[in-house]
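FYI, it's all coordinate maths here, none of it is from the lab. Source: prediction; values computed, not measured. Positions of Cβ are backbone-derived with ideal geometry, glycine not excepted, and every protein chain shown enters the neighbour counts.
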2 protein chains.
Amino acid sequence: MGRRERKKAATRQALADAALRLFTERGYDEVGVREIADAADVSATTLFKHFPDGKEALVFDQDVDREAALVAAVRERPTGQSVPQALHRMLLGEHSRRVHADPRFDDFLRLIDTTPALREYARRMWLRHEYALAAAIADDAGLPADDPGCRALAHFALEAPVLVRGSRDPDTALDRVFDLLGNGWTGTRAD
Amino acid sequence: MGRRERKKAATRQALADAALRLFTERGYDEVGVREIADAADVSATTLFKHFPDGKEALVFDQDVDREAALVAAVRERPTGQSVPQALHRMLLGEHSRRVHADPRFDDFLRLIDTTPALREYARRMWLRHEYALAAAIADDAGLPADDPGCRALAHFALEAPVLVRGSRDPDTALDRVFDLLGNGWTGTRAD
DNA sequence: CTAAAAAAGCGTAACAGCTCAACTTTCTGA
DNA sequence: TCAGAAAGTTGAGCTGTTACGCTTTTTTAG
């Protein structure tokens, strides 16, 4: 790795670190991009060269490849396991794995939960994989790739993680969401 | 109705009309708010006084009360009809009723479909009623008002209309979405 | 090896949507 | 009638974001 790329990566990391620190200290809406750029000793233009998707992207630095994991969860699920069950397990595992990996991950989640713009951005990051996931589901079920039912299942499954954030018990809430997707609405009229 | 309120309503209408005309003529992103304000012969600040939710709100002027209709669809559904079925019928009826009411409604829908910012805004308008609808569903099923399953059903049902836009056959697509919510994912592995 | 040219970082200035403090106009009621 | 409250309007200015040009580094050609 050349000297140039190393400096580039260092600048990018300095920007992301400064942003996360300032955001958690004073709140997302109270910190401007010029201030973040100053803290990393670069100009605002440079910040946007490193993060073309804008201010929100500063928080979601690590862009791991979730798409492959999602498609694999559908394709390589064990016999007898339904598609919703496979996605459910995959999303649960992903979440707990991340919580245990980085101690700062809690602050990270709290920041996202309390900032509408970041929740929206997180949702859109998940939904970027909607098309690929829908295609994998359709292929598995022997339906055309743009089948609306498959698209709906992919869409709802990808939205589930964002939807259950803020619940008192997110894991149980996720159970309920995937129970709905797997078995349908089973509620009957009270009394 | 006093002279003052009439003038206010006239200004608001002039703004909405100018916006819709300019947007359909040249595209949403090609028209600035200052230009719209000029066309209505007011300043940009005045525009935001009339539409505090911003540029997108100019397009969704008529703010009919859908919340009551949604809650009523759940509460007053005929015996034997499930909650998803009731919501499905209600959303279908709402759509066709609007298409037949105003001939300009087609242009309106096309504008929304081709503008990501407007699609997002439409989605958020629907989701404003998520809490009320979830509470109505929970009440009907005898569950606590913040039950995650009820919240998920409300959320997915409200997102359905936006999700099926752009499909080749939106009505059939809506059938598939509500089949998923009513009966769960029934697909089995191909071959 | 060196000069040129291609690429990439960087800052200035600007434009977009949007808000704030102040000024005018219109309505109210004693 | 006429203060003063309420509502409407405005120009200046803030924030996220981008286009343009300048400088620096890297690659390439002879």
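Taking Cα atoms only, the orientation of helix A:130-141 departs from the longest principal axis of chain A by about 30 degrees.
Note on B:Arg98 and B:Asp171: their simple-model spin labels are 1.7 nm apart, each label 7 Å out from Cα toward Cβ. Among A:Gly80, A:Gly93, A:Gly166, the largest mean-square fluctuation in a Gaussian network model of chain A, built with springs joining Cα atoms closer than 10 Å, belongs to A:Gly80.
Shape analysis of the protein assembly as shown yields a ratio of the Cα radius of gyration to the Kirkwood radius, Rg/Rh, of 0.99. With neighbours defined as other Cβ atoms within 10 Å of a residue's Cβ, the residues A:Arg165, B:Arg77 order from fewest to most as A:Arg165, B:Arg77. Computed over neighbours whose Cβ is under 11 Å from that of A:Gly32, the net charge equals -1, Lys and Arg +1, Asp and Glu -1. Using only the alpha-carbon atoms, how far is helix B:66-75 inclined from the longest principal axis of chain B? Give it as 0 to 90 degrees, nearest 10. The two axes meet at around 20 degrees.
Loop-resident GluC sites (Glu not before Pro) (DSSP state other than H, G, I, E or B) in segment B:36-125 with no more than 10 further Cβ atoms inside 10 Å of their Cβ: B:Glu76. Among the trypsin sites (Lys or Arg not before Pro) found in segment B:48-111, those both in a DSSP coil and sparsely packed, with 13 or fewer other Cβ atoms within 10 Å of their Cβ, are B:Arg104. Helix B:170-183 axis versus longest C-alpha principal axis of chain B: approximately 40°, rounded to the nearest ten.
When shorter helices are ignored and each DSSP H run of at least 4 residues is given -39500 (n - 2.57), the per-residue value for chain B at 222 nm works out to -22000 deg cm²/dmol. Expressed as a whole number of Å, what is the distance separating the alpha-carbon centroids of segment B:55-105 and segment B:128-191? If you average the Cα positions of each part, the centres end up 14 Å apart.
Counting only other chains, what is the mean number of Cβ atoms within 10 angstrom of the Cβ of each residue in peptide B:169-177?
That average works out to 3.
Rg/Rh, computed from the Cα trace of segment B:36-191 with Rh as the Kirkwood radius, has the value 1.03. Using C-alpha pairs below 8 Å separated by at least 6 residues, the relative contact order for chain B is 17 percent.
The modelled label-to-label distance between B:Arg89 and B:Leu109, using points 7 Å beyond Cα along the C-beta direction, is 2.2 nm.
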